[in-house]
Amino acid sequence: MSNAPGGRVSSLVRFCWSNQGTCGKALLMAQEYRLILKHIDSEGYTPGLDSYVRHGGYETLRKTLLLEPKIISADRTVGAPEQIRNEVKISGLRGRGGAGFSCGLKWSFVDRKSGKPIYLICNADESEPGTFKDRQIIYKDPHQLIEGMVISCFANDVKLAFIYIRGEMPDGAQILNRALEEARSKNFLGKNILGSGYDLEIHVHRGAGAYICGEETGLIESIEGKRPYPRIKPPYFPAVLGLYMCPTIVNNVETLCAVKHIVEMGGAEYARLGTPNNTGTRIVSISGHVQKPGYYEIQVGHATIRELIYDFAGGLREGRTLKAVIPGGSSAKVFKAGERFKLKKRGSDAKESEEEIDMLDLPYDFDSLMAAGSMSGSSAIIVMDDSTDIVEALANISEFYAHESCGQCTPCREGSLWMSKALNRLASGDGRKEDADYLLTIADNIPGGRTICAFGEACSWPVQSFVRKFKDEFEAKGAAAEDRRAAGGATEADRISQVSTVK
Ligand SMILES: Cc1cc2nc3c(=O)[nH]c(=O)nc-3n(C[C@H](O)[C@H](O)[C@H](O)COP(=O)(O)O)c2cc1C
Ligand code: SF4
């Protein structure tokens, strides 16, 4: 079975338990479904315009710009932009950046009567640890993103748009700028696009390399040339008071690419992909202790975590067993191997029943992971086998969040730092048994509306879940350090400092 990145996973037969089919009937095993990644990594495909056009690129834009107004009734005509917005609504597309919010709904919130310009920003910050899907599009198929953006901008009467790319991806910015120049040269962008009378300009804006720039209002502040301090909502909902206090749409790279396919195939057809309320496809980044880390596009909910890890990513390393899985980027709550969940499922007779399943058998979709107490977030699975020191793993994650807090809110600024300090102390063998409870007290007091942005949740969820699910390991580390201290022995931290003093 080939499951290297870019390859297709061949069909195997399995029996289904899930809501995808009738139980007991043989089903094709989960397969990659390459819609957005269709050409990426295929032989001879390059990021250049010629390659994109040879593969049918910009044809959807051409058709979009030729769309005629639809007469609905004697006194109601629906223009082309509104038709596209309706298709996006019908498609059920949910944002691929993290929160999974309905794209059609977000677009419907845009204040179109303010008389102010409407802006669109493509969020290409992709800073959530474990996530590496958007950059595949940026580096290998930039015109797909540009076409998706031009269509989305046309649908929302946007004349100026931005791609906000994280500072650590200078090559990506260069590739995008080159692609934008190519698009301008063939009039897919700029004034009077393809003779339609529609004008649009897109600029690339490079961040300076901060995780919080991925949060949409921090990102907006950053484009405005300020520190990326997230804004309070309300009143600063981007759809009403966004960039330069004008209505603004912020969407993820993958979301905007999906729009192109929705317009191409129709919203209803797109909604047939995936599962109800979890429509379309999603690119999943898989990393950690697997044989074939990589990115894999699936129909949402058509593969379980088990299939993603063992069939797509080649399973664990030789002789290892599974310890934990983070299902949606480092801020998602961790699953412990062997954890079981009760999930509702609908049978072929439409009757609902409850089934208890192993964490690995959760279908990879927004709702199932949420029901299991975590999230699909930025669709990044991080796999940890039994060689993982769970305290060290969490110390590593928490150090990242402590470093990246913007510092505006006391619970987040202080709490993330306290958690990181306590975890580093524990990991270096200088902790206390009570550190586990101490960590939980801090982590439980940051989220829940106490902070300006969702970073408060992002830094607390890993601590809450790791410590609760692996409490014995945290307590054992603390107890061992206490015993060593009581016996007058050097702690690991002491030993490290002695070594560095000798040096
Ligand atoms: C701390 C934080 C970091 C975020 N980082 C990203 C990011 O790197 N990329 C992204 O698309 N969305 C990120 N988001 C989500 C954005 O705020 C926003 O919801 C998203 O870009 C909307 O696009 P979508 O609706 O297409 O998903 C982040 C959110 C938070 C709270
Ligand atoms: S929650 Fe944290 S990152 Fe977000 S605004 Fe407050 S301090 Fe900044």
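A count restricted to the range 176-220 and to residues that are assigned to a strand (DSSP E or B) and either farther than 29 Å from residue 231 by Cβ or within 16 Å of ligand 1 (Cβ to nearest atom) (or both) stands at 4. Assuming residue 368 fulfils every condition listed in (1) surrounded by fewer than 22 Cβ atoms within 10 Å (Cβ to Cβ); (2) farther than 27 Å from residue 400 by Cα apart from one, which condition is it? Tallying (1) surrounded by fewer than 22 Cβ atoms within 10 Å (Cβ to Cβ); (2) farther than 27 Å from residue 400 by Cα, residue 368 fails exactly one: (1). All told, residue 308 falls short of being touching a Cys at 6+ places or on another chain (Cβ under 8 Å), among the aliphatic types (A, V, I, L, M) and in a helix (DSSP H, G or I).
If we scan the range 115-129, do we find a residue that is without any contact (Cβ under 8 Å) to a residue 60 or more places away in the chain and assigned by TED's automatic domain parsing to the domain that holds residue 173? Yes, some residue in the range 115-129 is without any contact (Cβ under 8 Å) to a residue 60 or more places away in the chain and assigned by TED's automatic domain parsing to the domain that holds residue 173.
Kindly indicate the residue of the range 179-226 that is closer than 17 Å to residue 52 by Cα and surrounded by fewer than 15 Cβ atoms within 10 Å (Cβ to Cβ) and also nearest to the chain's Cα centre (by Cα) among those meeting that condition. Top of the filtered list is 181. Residue-level check: of (1) surrounded by fewer than 22 Cβ atoms within 10 Å (Cβ to Cβ); (2) assigned by TED's automatic domain parsing to the domain that holds residue 147; (3) closer than 21 Å to residue 136 by Cβ; (4) among the small types (Gly, Ala, Ser), residue 294 misses just (2). Evaluating residue 158 against the criteria (1) part of a helix (DSSP H, G or I); (2) touching a Leu at 6+ places or on another chain (Cβ under 6 Å) leaves one unmet condition, (1). Within the option set 109, 132, 154, being at pLDDT 95 or above, within 22 Å of residue 285 (Cβ to Cβ) and away from ligand 2 (no atom under 16 Å from the Cβ) holds for one residue only, 132.
Per-residue answers, yes or no, for (1) surrounded by 18 or more Cβ atoms within 10 Å (Cβ to Cβ); (2) more than 16 Å from ligand 1 (Cβ to nearest atom):
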| position | (1), (2) |
| --- | --- |
| 384 | yes, yes |
| 393 | yes, yes |
| 396 | no, yes |
| 402 | yes, no |
| 407 | no, no |
| 412 | yes, no |
| 416 | yes, no |
| 422 | yes, yes |
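Applying the set (1) aromatic (Phe, Trp, Tyr); (2) more than 18 Å from the chain's Cα centre (by Cα); (3) part of a helix (DSSP H, G or I) to residue 139 leaves exactly one unmet item: (2).
Taking the stated definitions as given, is residue 142 in contact with a Phe, Trp or Tyr (Cβ under 7 Å, 6 or more places away or on another chain) and either surrounded by 15 or more Cβ atoms within 10 Å (Cβ to Cβ) or at pLDDT below 95 (or both)?
On the way: in contact with a Phe, Trp or Tyr (Cβ under 7 Å, 6 or more places away or on another chain): no; either surrounded by 15 or more Cβ atoms within 10 Å (Cβ to Cβ) or at pLDDT below 95 (or both): yes.
No: the conditions fail for residue 142.
Check whether at least one residue in the range 214-232 is among the small types (Gly, Ala, Ser), in contact with a Ser or Thr (Cβ under 7 Å, 6 or more places away or on another chain), within 30 Å of residue 303 (Cα to Cα) and assigned by TED's automatic domain parsing to the domain that holds residue 64, and report yes or no. Checked against the condition, which is being among the small types (Gly, Ala, Ser), in contact with a Ser or Thr (Cβ under 7 Å, 6 or more places away or on another chain), within 30 Å of residue 303 (Cα to Cα) and assigned by TED's automatic domain parsing to the domain that holds residue 64, the range 214-232 yields at least one hit. All of 398, 460 fail the test of being under 22 Å from residue 479 (Cβ atoms), outside the structural domain of residue 340 (by TED's automatic domain parsing) and within 14 Å of ligand 2 (Cβ to nearest atom), apart from 398. What are the residues in the range 100-114 that are in contact (Cβ under 8 Å) with a residue 60 or more places away in the chain and within 11 Å of ligand 1 (Cβ to nearest atom), if any? Hits for the range 100-114 are 100, 103, 106, 107.
The values are calculated or read from the model by the stated rules, or taken from the named source; none is laboratory data. If you're wondering where the values come from, they're calculated on a predicted model, not measured in any experiment. Cβ coordinates were reconstructed from backbone atoms using ideal geometry, including for glycine residues, and neighbour counts include every protein chain displayed.
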